[in-house]
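K.L.:
Let me give you the structure first, and then I'll get to my questions.
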Amino acid sequence: VASLVAGSRSSRASIFQSLSSTEQATACAKCLSLVLTCCGLSPARCTLIFEGKKLHPPTIAAKAGLEFNSLLVPIAKPAPVVGGIPSWSPPSREELKINVDGALSPSKATIGLIIRNYRGIPIKILSQSMPGNSPLIIETMGIHVAIQEALSVKGKVVIESDAQVVVAAINGLSAPPWRILSIVEDCQKLIKGSFISVSFAPRSCNRAAHVVAKLGLYGPEFLRWDLHNVPASLSSGVVCELGRVTQLCLPSVGLMGTILAGVLGNLTELRTLSLRFNALSGTLPPDLASLVQLRNLYLQDNSFSGQIPASIFALQNLLRLNLGRNRFSGGISSEFGNLKRLRTLYLDRNQLSG
């Protein structure tokens, strides 16, 4: 490395060509690490001279190490692009895919994961509180939990996370930061010799796991939903045809909170959605417009608010729409006239005008 850095151009070339491909890669990595460390010394020197502030040497080395690790992160296989933004893609027919993410609040840290098959149908959803307040540690622990879930499944499993540095470390492509070293080593031991792979996914491809993790921040300490162990009150309201959800009927089951974007938008074969007589609030998500097959929409007797969104008027197959007894406000849009197939419409007991 010293010869490669200090030698002349011709001597560097001859030395480099004499190395094997593995040695060349190692030498390049060490040279890059050295250059980044030196680059970190320059601003530290200026800070000392002009501001009188000393930077601890390990801090300089740590910053260089983080930059070095980020440069070594492999380029992920491009994800499908929808509207210019990469989106989640299902695994192959022989595989399952686990997406995992972490979430932090001032008082709590959680991880969330979702296991889906090649049709995109959730097999298991898990949200769990974790100790600590470091995003890096929480993300790593989340992948560790995902690996344990994958080991309970016989067959090939792809684990996706948007934590680039952690994914690269687990795959042996960069040295892990010391805080997560022991967790990374345990992850590597668990997946050795298995059919489990850990891959990076852009954040836009990891939204479902992010929603589950966020749910854990404001919900119970531990939440598990298993396709093979669904509560009777929920399972009776879910109807599938050819592996796709066509009816989601959950009236009077005590649902609370808001409907986040990404929760319903993927149910593109849904024909009936009934969430009436619950305690849902907030505005309706914009991706409701993705439910192009929807015939029946029953949202009465909740606390939805705001204007009736444009996403409703994109549902050209609607036959029955009930938004009564909510807190919708604003004028009654003329766009209702574009719903040519609509037979019944209820808007009573809102705060609408016009």
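K.L.:
Calculate the FRET efficiency for ARG320 and LEU151 from the Cβ-Cβ distance with a Förster distance of 41 Å, rounded to the nearest 0.05. Can you show the working numbers first?
P.N.:
Details: r = 46 Å, r/R0 = 1.13.
So the FRET efficiency works out to roughly 0.35.
K.L.:
While we're on this one: Report the extension gain between ARG179 and ARG203 in nm, rounded to one decimal, defined as 0.36 nm multiplied by the number of residues separating them, less their alpha carbon distance.
P.N.:
On the way: separation 24, 0.36 × 24 = 8.64 nm, distance 2.30 nm.
Full-extension gain reported as 6.3 nm.
K.L.:
Assuming 0.36 nm per residue, please report the length gained on full extension of the stretch SER305 to ASN133 beyond their Cα-Cα distance. Walk me through the intermediate numbers first.
P.N.:
Values: separation 172, 0.36 × 172 = 61.92 nm, distance 3.46 nm.
My answer for the length gained is 58.5 nm.
K.L.:
Now for a different question. Using 0.36 nm per residue of separation minus the Cα-Cα distance, give me the extension gain between GLN188 and LEU255 in nm, one decimal.
P.N.:
Values: separation 67, 0.36 × 67 = 24.12 nm, distance 3.98 nm.
Additional length available on full extension: 20.1 nm.
No lab work stands behind these numbers, since they all come straight from the coordinates. All values reported here derive from a predicted model rather than from experimental measurement. Because the Cβ atoms are built from the backbone with ideal geometry, glycine has one as well, and the counts that use them run over all protein chains shown.
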